[in-house]
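Chemist: For reference, the structure I am asking about is given below.
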Amino acid sequence: MDQDQTRTGEKSTCGMYVVGLIDLLNQGKQLDEWSSFPSTDAEESDFKGALKRTVGQVHALREAFERFVEVYTRSERKTDALRAAFTEEQNAECQKLTGAQLGRQCFSDTVVLYSPLGIPGGGTTVNGLHGMLLGSASVLLLGLAKAIPLRGGIEVGMAIDCFPNEIYGPVLRRAYLLEQYVAQYPRVVVGQGAIAYLQHCVNAPRGNLGTEWNRVMASKCLRLVARDQDGAYFVDFLSDDVHELYRDKPEYREQVIKGHAFAKREQERFVDEGDHKLALRYAWLRQYYESRI
């Protein structure tokens, strides 16, 4: 849905978006470790270590998403073989369906991904949501392997692009609430709005190229999502589809092994410290790895 609202001569678009909000965990305590300048050599060493653990992790998170968005966008344009069998009209429709871009905005240790569902001329595309799920899976694999725990929420809802390279709206708040209150441990929760949209696309009556494209892509998206012990849907970053995608990459197996070791190590640490809440959360993460390995 377009609205003729103008900001400095530009057109703002209000409509349905998919938004993913990913946050680094445990940054608060680590930031406190360099809240003042060091005065001794020993403090200098600790200061530099704390900087590396905080700023370095934020940089790694942003870089990982930036790299994924670039690769995903580039790969989605490689449809020459498919388009050779299409008519000119079908090629135009295919371009609209695959042309949805993943936007990215960063604040402190939080990354927000967003993509409009609407396409020119009407209708929607699942491509942005697929990219967001796959990107979250990739970054979770990498982050946990590097002992960098992440937590997030992905949701579909209303927003407006009334600021440069940003969106604002209720869907952003809903993604934040999923991250803050539902995710609970290192996982990316997928909201009911996103699940309902995917199920609608899968079950839609047979129709044009756009309908069939979205049906296929929505099925791919649902294979990247699983139901957790608490009933929440989450990004299944060790799913069969992720395995098929990355199994030939030499670093994939190492990432899985290191991520599992991190989950086990953290669970045992919190048990020893008597932190039953965090011990239980990391037990869930450990069980997830062991159910997939």
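Chemist: Out of everything in the stretch 119-177 that is more than 23 Å from H59 (Cβ to Cβ) and touching a Pro at 6+ places or on another chain (Cβ under 9 Å), what residue ends up being surrounded by the fewest Cβ atoms within 10 Å (Cβ to Cβ)?
Modeler: Looking at the filtered set, the residue picked out is M158.
Chemist: Out of the residues in the stretch 179-208 meeting the condition of being of a type in the set (V, I, T) and within 18 Å of the chain's Cα centre (by Cα), tell me which one is farthest from D236 (Cα to Cα).
Modeler: Among them, the one singled out is V182.
Chemist: Count, please, the residues in the stretch 232-274 that happen to be outside any helix (DSSP H, G or I), at pLDDT 95 or above and either surrounded by fewer than 16 Cβ atoms within 10 Å (Cβ to Cβ) or on the phi > 0 side of the Ramachandran plot (or both).
Modeler: 1
Chemist: Then there is this: Which condition from (1) within 30 Å of R265 (Cβ to Cβ); (2) of a type in the set (S, T, N, Q); (3) at pLDDT 95 or above is the one that Q184 breaks?
Modeler: (3)
Chemist: Test L198 against the criterion of being touching a Lys or Arg at 6+ places or on another chain (Cβ under 8 Å) and surrounded by 14 or more Cβ atoms within 10 Å (Cβ to Cβ), and give yes or no.
Modeler: In short, no.
Chemist: Looking at G193, is it at pLDDT 90 or above and either farther than 25 Å from S115 by Cβ or touching a His at 6+ places or on another chain (Cβ under 9 Å) (or both)?
Modeler: So G193 fails the test.
Chemist: Which residue is farthest from N26 (Cα to Cα), if the candidates are limited to the stretch 170-187 and must be part of a helix (DSSP H, G or I) and hydrophobic (A, V, I, L, M, F, W, C)?
Modeler: Only one residue tops the list, namely V171.
Chemist: So is T73 closer than 23 Å to E155 by Cβ, of a type in the set (S, T, Y) and either modelled with pLDDT under 70 or touching a Leu at 6+ places or on another chain (Cβ under 8 Å) (or both) or not?
Modeler: It is true that T73 is closer than 23 Å to E155 by Cβ, of a type in the set (S, T, Y) and either modelled with pLDDT under 70 or touching a Leu at 6+ places or on another chain (Cβ under 8 Å) (or both).
Chemist: Can you find, within the stretch 123-149, the residue that is nearest to L25 (Cα to Cα) among those that are more than 14 Å from the chain's Cα centre (by Cα) and in a loop (DSSP other than H, G, I, E, B)?
Modeler: Step by step, filter the stretch 123-149, then rank; the result is I148.
Chemist: Sort out which residues of the stretch 107-122 are farther than 21 Å from T13 by Cα and within 13 Å of the chain's Cα centre (by Cα), and write them in order of number.
Modeler: T110, V111
Chemist: Give me the pairs: first residue in the stretch 211-235 and of a type in the set (G, A, S), second residue part of a strand (DSSP E or B), beta-carbon distance under 9 Å, and six or more apart or on different chains, which are they?
Modeler: So the pair list comes out as A226/Y233; A226/F234; A226/V235; A232/V189; A232/V190.
Chemist: Ok, one more. Consider I160 against the criteria (1) more than 23 Å from F68 (Cβ to Cβ); (2) in a loop (DSSP other than H, G, I, E, B): it satisfies all of them except one. Which criterion is unmet?
Modeler: Every listed condition holds for I160 apart from (2).
Chemist: Scan the stretch 92-114 and report the pairs whose first residue is under 18 Å from L24 (Cα atoms) and assigned by TED's automatic domain parsing to the domain that holds N127 and whose second residue is at pLDDT below 80 and assigned to a loop (DSSP other than H, G, I, E, B), with Cβ atoms within less than 7 Å and a gap of 6+ or a chain change.
Modeler: L113/L102
Chemist: Kindly indicate whether any position in the stretch 269-278 is under 27 Å from I154 (Cα atoms), under 22 Å from the mean Cα position of the chain (by Cα) and of a type in the set (K, R).
Modeler: No, because not a single residue in the stretch 269-278 is under 27 Å from I154 (Cα atoms), under 22 Å from the mean Cα position of the chain (by Cα) and of a type in the set (K, R).
The values are calculated or read from the model by the stated rules, or taken from the named source; none is laboratory data. Please read all numbers here as calculations on a predicted model, not as lab measurements. Cβ: placed from backbone, ideal geometry, glycine included. Neighbour counts: every protein chain shown.
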